[in-house]
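Trainee: Take this structure, written in structure tokens, and hold onto it; I'll ask about it next.
The values are calculated or read from the model by the stated rules, or taken from the named source; none is laboratory data. Note that the coordinates shown come from a computational prediction; the quantities given were computed from them, not determined experimentally. Using ideal geometry, Cβ is built from the backbone for each residue, glycine included, and neighbour counts are taken over all protein chains shown.
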Ligand SMILES: Cc1cc2nc3c(=O)[nH]c(=O)nc-3n(C[C@H](O)[C@H](O)[C@H](O)COP(=O)(O)O)c2cc1C
């Protein structure tokens, strides 16, 4: 699939078919993800490929337990329904103080590589500022050693929904020539 097309078409998918995802497909996706940029080229990633129903159910429960009040209308119940959940983690010693950024960039590549293969996925955070228990409980569940931190959760599978193209905010409201200047008055 052409890159521009993949970038424009990708949407978050939260309903999945039950079909197993081939191990070779998952390897291809993670092989692409490790090409992401990283601070000082530290390549600090660890990708946990979680398929066991018990683990997926417990990840879902942890994620829901620490969902902020304002987002409780959107529970993460779909996590347990995905055939695979990729947990993107970083080794802090290779992250140069930029663990979150490093993990997020690899996560975006996972979303795009999955989409290019006809799979659906969605980005979820495994960390929450001011609530260290979210990452701590995920780390304990998955047996992460000290220094390895979970940053994102990406449920992935064959889509059972086809989200419509989304309405984008105007490009003109986002782009500023040289300085923010008077454009601020126009931004929406
Ligand atoms: C930092 C971040 C956190 C997100 N957290 C959640 C989440 O907790 N639950 C969820 O269903 N989607 C989550 N998403 C996915 C967004 O809701 C989704 O990307 C957004 O609505 C735009 O839709 P699109 O991905 O289809 O373009 C998150 C996305 C980002 C970037």
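Trainee: Could you list, ordered by first residue, the pairs with Cβ atoms under 6 Å in which the first is in region 110-125 and in contact (Cβ under 8 Å) with a residue 60 or more places away in the chain and the second is in a loop (DSSP other than H, G, I, E, B) and away from the ligand (no atom under 14 Å from the Cβ), at least 6 apart or interchain?
Mentor: Correct list of pairs: 116/1.
Trainee: Further question: Residue 85 passes all but one of (1) touching a residue at least 40 places away in the same chain (Cβ under 8 Å); (2) surrounded by fewer than 17 Cβ atoms within 10 Å (Cβ to Cβ); (3) outside any helix (DSSP H, G or I); which number fails?
Mentor: All conditions are met except number (2).
Trainee: Please find, within region 19-70, the residue that is nearest to the chain's Cα centre (by Cα) out of those that are at positive phi and surrounded by fewer than 17 Cβ atoms within 10 Å (Cβ to Cβ).
Mentor: 41
Trainee: Working only within region 102-121, note down all residues that are within 22 Å of residue 68 (Cβ to Cβ) and surrounded by fewer than 20 Cβ atoms within 10 Å (Cβ to Cβ).
Mentor: 104 - this is the single residue of region 102-121 that is within 22 Å of residue 68 (Cβ to Cβ) and surrounded by fewer than 20 Cβ atoms within 10 Å (Cβ to Cβ).
Trainee: Continuing with the same structure: Would you confirm, using the coordinates I've provided, whether residue 100 is within 13 Å of the ligand (Cβ to nearest atom), touching a residue at least 24 places away in the same chain (Cβ under 8 Å) and either under 23 Å from residue 27 (Cβ atoms) or assigned to a helix (DSSP H, G or I) (or both)?
Mentor: yes
Trainee: Does residue 26 satisfy the condition of being in contact (Cβ under 8 Å) with a residue 24 or more places away in the chain, under 26 Å from residue 146 (Cβ atoms) and part of a helix (DSSP H, G or I)?
Mentor: no
Trainee: Out of (1) more than 21 Å from residue 159 (Cα to Cα); (2) in contact with a helix residue (DSSP H, G or I) (Cβ under 7 Å, 6 or more places away or on another chain); (3) in a helix (DSSP H, G or I), the odd one out for residue 80 is which?
Mentor: (1)
Trainee: Counting only residues that are in a loop (DSSP other than H, G, I, E, B) and under 24 Å from residue 74 (Cα atoms), how many does region 29-53 have?
Mentor: 2
Trainee: Mind telling me which of the residues 37, 53, 44 ends up being modelled with pLDDT of 95 or more, more than 16 Å from the ligand (Cβ to nearest atom) and farther than 23 Å from residue 95 by Cβ?
Mentor: Unique residue meeting the criteria: 53.
Trainee: Which members of region 128-175 meet the condition of being assigned to a helix (DSSP H, G or I) and away from the ligand (no atom under 15 Å from the Cβ)?
Mentor: First, pick out the residues of region 128-175 that are assigned to a helix (DSSP H, G or I): 132-141, 171-173.
Residues satisfying the conditions are 132, 133, 136, 137, 139, 140, 141, 171, 172, 173.
Trainee: Please go through region 106-125 and give me each residue that is near the ligand (Cβ under 10 Å from one of its atoms) and under 14 Å from residue 87 (Cβ atoms), ordered by number.
Mentor: If the condition is that a residue be near the ligand (Cβ under 10 Å from one of its atoms) and under 14 Å from residue 87 (Cβ atoms), then 107, 121, 122, 123, 124, 125 are the ones that fit.
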